[in-house]
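Student: Structure incoming, see below.
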Amino acid sequence: NETHFTNFTITNNNAKSLVFGCKHGRLRNSKSIGKRPNQHYNFLGRSAIVRMYKSKDGQIKITKTDLEHNHPTSKDIHQLQNQTISEEERDLIITLKQANAKPSQIKRVLIEKNNKNITTQNLRNFITKFLKESNSENTSSLEDLFSSIESNGGTIKWTYDCDHSVESLFVCTSEMKKKFINSNPFSIQMDTTFNIEKGRYKLVALCYLDIHSNKSEIAAFALIAHEADPNFTFVLSKFKELNNNRNDYIFLVDKDFNNIDCIRKVFTEAVILLCLFHVLKFWKNLIATALTTVDVKHDIFTKFKRLVYCQSLSLYDDTKREFIESINNIQVACNKQYVALLNYYRNNWETCESMWIKLHRISFPMLGDHTTNRIERQFWSLKLSLKDTFGSLPDTISTIVHLIEFI
């Protein structure tokens, strides 16, 4: 191997013989069921071989030696396939890879731009090496960034799972904290979004209206591995510490039961309200499964919408009565089975009317916000920015750095 720069592999090994052969001379049985079942990338025909005989007493005797290869074996060829890459070419390769370019496309660019001819396999090896180096550099930069945030008065906290992987990462810079405390908002919008980075972490953010600038601001954000109670509780606990453990916020959320339970656990005096957009969207989809005519479905949804936006106590009783009458004897699909819509409403929605009927939030300082549109808009802008910057989903470290810069 040291002389010819070619690997030998075991081609046969039984009770009587042991055979080593050049990898380019071994014909493997194809297991492919595709269009090219007879293709073997390494097989080039008969090549170098070393055959040995095993005697009964355990001795091994070489019976055949043929070191003639049927392919180039010089050190020059080997070095040619492992050409050096300049810093400029390295940056170009990383940029093209982050833009989701294929190795064959990157190879074509290198040939056209720098007249650099390199095998596709060696290019893949270079890409793997460069990305590891890049991640290592990013990790070091991220540690420096976190140290800088903490030294300037920001908050960086995290938890690990049993495999010592990051389970939750909470981030609040000093600028975010300063704006949040100065605004001292009553209403907080909280939501989770997906598909922002390759590691499959979910982004949790807490958004509010800054009364000084009249703009939506992010008070803090976190990356969580799973939408589990411990992760939400950790994020909410760290958020609570930002403003001297204030406990009486108004949280505006969608109907995520894990999220709601964790808010109640951490903020014992908080008021939790549901986003009216999500409420109506859920009921529109639910009513669409009803076993009745389109006109009846439309009538049910219209009466439910009136109930949602009811703001007069004198109209509440009549509005609710009309809605109850419209859903009597109506069946809808729920959890892959049909149930009575009236029973479903009484068990799951009537018990929490204060969270989704507008009448019950008139006295709250909502500043016109009855949906989570502010935070949804922030998520939309963030994903658009990530797409414009990276072209595809970036790695976790790049996403964190971009998030801090974006916010």
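The values are calculated or read from the model by the stated rules, or taken from the named source; none is laboratory data. Not measured: the values here are computed from a predicted model. All Cβ positions, glycine included, derive from the backbone under ideal geometry; neighbour counts span all protein chains shown. In case anyone asks, the SASA skips ligands and DNA or RNA and just uses the protein heavy atoms, side chains included. Shrake-Rupley method; radii C 1.70, N 1.55, O 1.52, S 1.80 Å.
Student: Here is a list of conditions, (1) of a type in the set (Gly, Ala, Ser); (2) assigned to a strand (DSSP E or B); (3) surrounded by fewer than 17 Cβ atoms within 10 Å (Cβ to Cβ), and residue 216 meets all of them except one; can you say which number that is?
Tutor: (3)
Student: I'd like to verify a number: residues in segment 160-174 that are within 19 Å of residue 143 (Cα to Cα) and either free of Cβ contacts under 8 Å to residues at least 40 places away in the same chain or outside any strand (DSSP E or B) (or both), how many?
Tutor: Residues meeting the conditions: 5.
Student: Let me ask something additional. Of all the residues that make up segment 254-288, how many are aliphatic (A, V, I, L, M) and open to solvent by 50 Å² or more (accessible area, probe 1.4 Å)?
Tutor: Count: 1.
Student: Could you tell me whether segment 64-74 includes any residue that is modelled with pLDDT of 75 or more, over 45 Å from the mean Cα position of the chain (by Cα), open to solvent by less than 60 Å² (accessible area, probe 1.4 Å) and hydroxyl-bearing (Ser, Thr, Tyr)?
Tutor: The answer is no; no qualifying residue exists.
Student: Which one of these does residue 226 not meet: (1) in contact with a strand residue (DSSP E or B) (Cβ under 9 Å, 6 or more places away or on another chain); (2) over 23 Å from residue 161 (Cα atoms); (3) open to solvent by 40 Å² or more (accessible area, probe 1.4 Å)?
Tutor: Among (1) in contact with a strand residue (DSSP E or B) (Cβ under 9 Å, 6 or more places away or on another chain); (2) over 23 Å from residue 161 (Cα atoms); (3) open to solvent by 40 Å² or more (accessible area, probe 1.4 Å), the lone unmet condition for residue 226 is (2).
Student: List the residue pairs whose Cβ atoms are under 7 Å apart, where the first residue sits in segment 293-320 and is in a loop (DSSP other than H, G, I, E, B), the second is of a type in the set (Ser, Thr, Tyr), and the two are 6 or more positions apart or on different chains.
Tutor: Taking only residues 6 or more apart or on different chains, the pairs are 310/316; 310/319.
Student: For residue 308, only one of the following conditions fails: (1) open to solvent by 10 Å² or more (accessible area, probe 1.4 Å); (2) touching a helix residue (DSSP H, G or I) at 6+ places or on another chain (Cβ under 8 Å); (3) not aromatic (Phe, Trp, Tyr). What is its number?
Tutor: (1)
Student: Of the residues that make up segment 346-364, is at least one open to solvent by 80 Å² or more (accessible area, probe 1.4 Å), of a type in the set (Lys, Arg) and out of contact with any Lys or Arg (no Cβ under 7 Å at 6 or more places or on another chain)?
Tutor: Looking through segment 346-364, at least one residue is open to solvent by 80 Å² or more (accessible area, probe 1.4 Å), of a type in the set (Lys, Arg) and out of contact with any Lys or Arg (no Cβ under 7 Å at 6 or more places or on another chain).
Student: Name the residues in segment 212-224 that are among the hydrophobic types (A, V, I, L, M, F, W, C) and free of Cβ contacts under 8 Å to residues at least 60 places away in the same chain, would you?
Tutor: 219, 222, 224
Student: Something else: When you look at residue 316, is it open to solvent by 80 Å² or more (accessible area, probe 1.4 Å), aromatic (Phe, Trp, Tyr) and more than 32 Å from the chain's Cα centre (by Cα), yes or no?
Tutor: Against the criterion (open to solvent by 80 Å² or more (accessible area, probe 1.4 Å), aromatic (Phe, Trp, Tyr) and more than 32 Å from the chain's Cα centre (by Cα)), residue 316 does not qualify.
Student: Hey, another quick one. Among the residues of segment 180-213, write down those that are open to solvent by 70 Å² or more (accessible area, probe 1.4 Å) and among the basic types (Lys, Arg).
Tutor: Hits for segment 180-213 are 198, 200.
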